[in-house]
Amino acid sequence: MAPTHTPELFRAAVAQAAALLRAGEVVALPTETVYGLAANALDAAAVSRIFSVKGRPAHNPLIVHVADEAMARRCVKEWPDLADRLARAFWPGPLTVVLPRSAEIPDVVVAGGVTVAVRWPSHPVIQAVIRECGFPLAAPSANLSNRVSPTTAGHVLAQLGARIPLILDGGPCQVGIESTVLDLTAEPPRVLRPGMIHDQALAAVTGRLQSAGGADGPILKSPGLLPKHYAPRAPLRIWRWENDADLKRLVGNSGVVPARIQVIAHSRVPAPAGFARVSVIPHDAEAFARAIYAELHLADEHGVELVVVEALPDRPEWRAIADRLKRAAG
Ligand code: TXA
Ligand code: MG
């Protein structure tokens, strides 16, 4: 694990990562959303290593990460005016756009499809690594397939430490959940995976927009978006309670003793009485997104039997988080 918190450490870590990536290796890197497991996007053999390290099915395509708009244009066949306007509004940042692929992108990256997903992340560490390499990086989240995405280098170490040569530690991720995936080959553009750049923000640029359907909408039709995803090992339930007595009744009905339950609350914070852990996250969508995966990783670490999350507000800025929790609940 390579730290990056001083200029010297940062430079050394970036150089080490770039050398491994040039040699066709995989490296775990921080992005502002979640940690990614990166390889040279133009090297089919390097990219196939990502799939074997993660145990990821070959039919699930990867996001290609770039460090400027020129690099994004090289990955795609055409760069429509709408892509330009979205890039100006949201890049670098947690938005991924899907466009027809260019001939430079190997089949393995896009799972043999005709489109490619492209994103310019804002985290300085991955930006510096891409610039040092001079080629784009294919990177899924750096977790084992179907597990919770990592938001710290420690999360990556716990799941993949034994399988990869290097993890760059860029601190905890600022956004905390995966990027919004927007398909620009659909008309109007279609949200395949909701993220913290929500429908209202996107529609301000795109005009018309096909929404992913919100927390209670239909299951999304992106190759990787299975109904059960992003899940901790223990079952997860989303409950609404008015007070401690109410919560106690729900716990009673669950058949799990409080000592084996982790409660994650944001507004009706219960007395800790008897629970394995009560996690309090501020009642604020950005703060909640930043913190939620770390809490789910803790649930795995402590081996609780049940994770209970307080139901979220039904507002645009909360919808992507509600989507992830719904998938974690299966
Ligand atoms: O925030 C993120 O997007 C993180 C960081 C590392 O950038 N990456 C990430 O990658 O979440 P991954 O592989 O865990 O999820 C990528 C999602 C999957 O649901 C995949 O199916 C979808 O994007 N995707 C990738 N390429 C696609 C394409 N050409 N068409 C439709 N969906 C695509
Ligand atoms: Mg993932």
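The values are calculated or read from the model by the stated rules, or taken from the named source; none is laboratory data. Bear in mind the structure is a predicted one, so any value in this text is a computation, not a measurement. In this analysis, Cβ positions are derived from the backbone assuming ideal geometry, glycine residues included, and neighbour counts consider all displayed protein chains. All accessible areas refer to the heavy atoms of the entire protein, side chains included, with ligands and DNA or RNA removed. Shrake-Rupley method; radii C 1.70, N 1.55, O 1.52, S 1.80 Å.
With axes computed from alpha carbons, what is the tilt in degrees of helix 7-22 against the longest principal axis of the chain, rounded to the nearest 10 within 0 to 90?
Long axis of 7-22 versus the principal axis of the chain: about 70 degrees.
Heavy atoms only, 1.4 Å probe, whole protein assembly: order SER149, SER141, SER267 by accessible area, highest first.
Sorted by accessible area, descending: SER267, SER141, SER149.
Please state the relative contact order of the range 2-206 as a whole percent: Cα pairs under 8 Å, 6+ residues apart?
Normalised by residue count, the contact order of the range 2-206 is 31 percent.
Run lengths n ≥ 4 of DSSP H only: what is the helix-derived mean residue ellipticity at 222 nm for the chain, with -39500 (n - 2.57) per run over all residues, to the nearest 500?
So the helix-based figure for the chain works out to -10500 deg cm²/dmol.
What FRET efficiency comes out for the pair ARG268/HIS302, r = Cβ-Cβ distance, R0 = 25 Å, nearest 0.05? Present the calculation step by step, with values, prior to reporting the outcome.
Numbers: r = 22 Å, r/R0 = 0.89.
Working from the Cβ atoms, E equals 0.65.
Within the set of other residues whose C-beta is less than 13 Å from the C-beta of ALA287, count the net charge using Lys and Arg as +1 and Asp and Glu as -1.
Working: positive: ARG290; negative: ASP284, GLU286, GLU295, GLU317.
Cβ neighbours under 13 Å give a net charge of -3.
Between PRO80, PRO94, PRO270, find the one with the highest GNM mean-square fluctuation for the chain; connect C-alpha pairs within less than 10 Å.
Comparing PRO80, PRO94, PRO270 in the GNM, the peak value goes to PRO80.
Take the alpha carbon atoms of the range 145-162, find their center, do the same for the range 164-182, and report the distance between the two centers in whole angstrom.
If we compute the Cα centre of each part, the gap is 10 Å.
Find the accessible area per residue for the range 63-110; the probe is 1.4 Å, ligands and nucleic acids are left out, and the unit is Å².
It amounts to 40 Å² per residue over the range 63-110.
In nm, to one decimal, how far is the GLU104 label point from the ASN243 one, both placed 7 Å along Cα→Cβ?
6.4
Could you order GLU305, GLU178 so the one with the most accessible surface comes first? Probe is 1.4 Å.
Greatest to least solvent exposure: GLU305, GLU178.
So how long is each side of the chain along the principal axes, counting just the alpha-carbon atoms, biggest first, in Å?
Here the Cα extents, ordered largest to smallest, are 60, 45, 35 Å.
Which value, in nm² and rounded to one decimal, describes the direction-averaged projected area of the C-alpha convex hull of the range 236-329?
Values: hull surface 21.6 nm².
One quarter of the hull surface, i.e. the mean projection, equals 5.4 nm².
With +1 assigned to the C-beta of every Lys and Arg and -1 to the C-beta of every Asp and Glu, and no other charges, what is the dipole magnitude of the range 2-206 about the Cα centre in debye, to the nearest 20?
Details: 17 positive and 17 negative charges, 72 e Å.
Dipole about the Cα centre, nearest 20: 340 debye.
Pop out the carbon and sulfur fraction of the accessible area of the range 236-329 as a percent, whole number, probe 1.4 Å.
Exposed carbon and sulfur together represent 50 percent of the surface.
If you build a Gaussian network model of the chain, linking Cα atoms that sit under 10 Å apart, which residue out of THR185, THR33, THR152 swings the most?
THR185
To the nearest 10 square angstrom, how much accessible area does HIS59 have with a 1.4 angstrom probe?
Around 120 Å² of this residue is reachable by solvent.
Ordering LEU312, LEU62 by accessible area with a probe of 1.4 Å, largest first, what comes out?
Correct descending sequence by accessible area is LEU312, LEU62.
Between 0 and 90 degrees, rounded to the nearest ten: what's the tilt of helix 124-133 against the longest Cα principal axis of the chain?
Taking the Cα atoms of the chain, the angle to 124-133 is about 30 degrees.
Please work out the Cα center distance from the range 65-142 to the range 1-39, rounded to the nearest Å.
18
Suppose R0 equals 56 Å; then what is the FRET efficiency for GLU78 and LEU9 from their Cβ-Cβ distance, rounded to the nearest 0.05?
0.85
What residue among ALA128, LEU168, GLN200 has its Cα farthest toward the positive end of the dipole of the range 2-206, where the charges are +1 on Lys, Arg and -1 on Asp, Glu, each on the Cβ?
About the Cα centre, the residue reaching furthest to the positive side is LEU168.
As a test question: what accessible area, to the nearest 10 Å², does CYS133 have when a 1.4 Å probe is rolled over all protein chains in place?
20
Plugging the Kirkwood radius over Cα pairs into Stokes-Einstein for the range 11-123, at a temperature of 37 °C and a viscosity of 0.692 mPa s, what D comes out in µm²/s?
After rounding, the answer is 226 µm²/s.
Using only Cα atoms and rounding to the nearest 10 degrees, what angle (0 to 90) does helix 319-329 make with the longest principal axis of the chain?
Approximately 70 degrees, to the nearest ten.
Can you check what the net charge comes to around ASP107, using other residues whose Cβ is under 14 Å from the Cβ of ASP107 (Lys, Arg +1; Asp, Glu -1)?
Overall, the nearby charge balance is -1.
Go through ALA138, VAL110, TRP318 and say which Cα lies farthest out towards the positive end of the charge dipole of the chain; charges sit on Cβ, +1 for Lys and Arg, -1 for Asp and Glu.
Comparing the listed Cα positions along the dipole, VAL110 ranks first.
Using only protein heavy atoms and a 1.4 Å probe, report how much of GLU317 is accessible, in Å² to the nearest 10.
Accessible surface of GLU317 is approximately 70 Å².
Which residue, ALA273, LEU247, HIS302, has the largest displacement toward the positive end of the dipole of the range 236-329 when charges sit on each Cβ (Lys, Arg +1; Asp, Glu -1)?
Going by the charge dipole, the pick is LEU247.
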